[in-house]
Amino acid sequence: QVQLVESGGGLVQPGGSLRLSCAASGTLFMINVMGWYRQAPGKERELVAAITHGGNTRYGDSVKGRFTISGDNAKNTVDLQMNSLNPDDTAVYYCNAQRPQFNYWGQGTQVTVSS
């Protein structure tokens, strides 16, 4: 099993920044991708950003140029730096870890962008 613990969510004004962190523990053998997804009320869960063990990254179209994902393989952590936040970024953000045929999820952290 894999446990994912997120931190860093909260309330921020439009145009502001937040940094989310996720720490993975447990049986991490063959975890090859970690990332962040989000789900807003009434919407489907969507990819925000992902990073492979080798450092390749992928971003959702709506966050390109504003969000940056980074990972530390030695510490088993993945961070998401979010800049230029707008109200459409309001959602519960979930940390995700993948290995062949398995997906693991954190409990989620709320990000609210509002003035």
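The values are calculated or read from the model by the stated rules, or taken from the named source; none is laboratory data. Small disclaimer: the values here were computed from a predicted structure and weren't measured. Note: ideal-geometry Cβ built from the backbone for every residue, glycine included; neighbour counts use all protein chains shown.
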Members of region 58-83 that are more than 12 Å from the chain's Cα centre (by Cα) and closer than 16 Å to GLN98 by Cα | ASP72, ASN73, ASN76
When region 24-55 is examined, which residues are found to be small (Gly, Ala, Ser) and either more than 22 Å from ARG99 (Cβ to Cβ) or under 11 Å from the mean Cα position of the chain (by Cα) (or both)?
-> GLY35, ALA40, GLY42, ALA49, ALA50
Which pairs have Cβ atoms under 8 Å, sit 6 or more apart or on different chains, and link a residue in region 43-55 that is among the charged types (D, E, K, R) to one that is part of a loop (DSSP other than H, G, I, E, B)?
-> GLU46/GLY60
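To keep it simple, each residue is scored yes or no on (1) at pLDDT 95 or above; (2) aromatic (Phe, Trp, Tyr).
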| position | (1), (2) |
| --- | --- |
| PHE29 | no, yes |
| MET34 | yes, no |
| ARG38 | yes, no |
| LYS43 | yes, no |
| ILE51 | yes, no |
| THR68 | yes, no |
| ASN76 | no, no |
| GLN81 | yes, no |
| ASP89 | yes, no |
Has region 97-104 got at least one residue that is of a type in the set (S, T, N, Q) and without any contact (Cβ under 8 Å) to a residue 24 or more places away in the chain?
-> yes
Flag for ALA74 being of a type in the set (Gly, Ala, Ser) and more than 13 Å from VAL111 (Cα to Cα) | yes
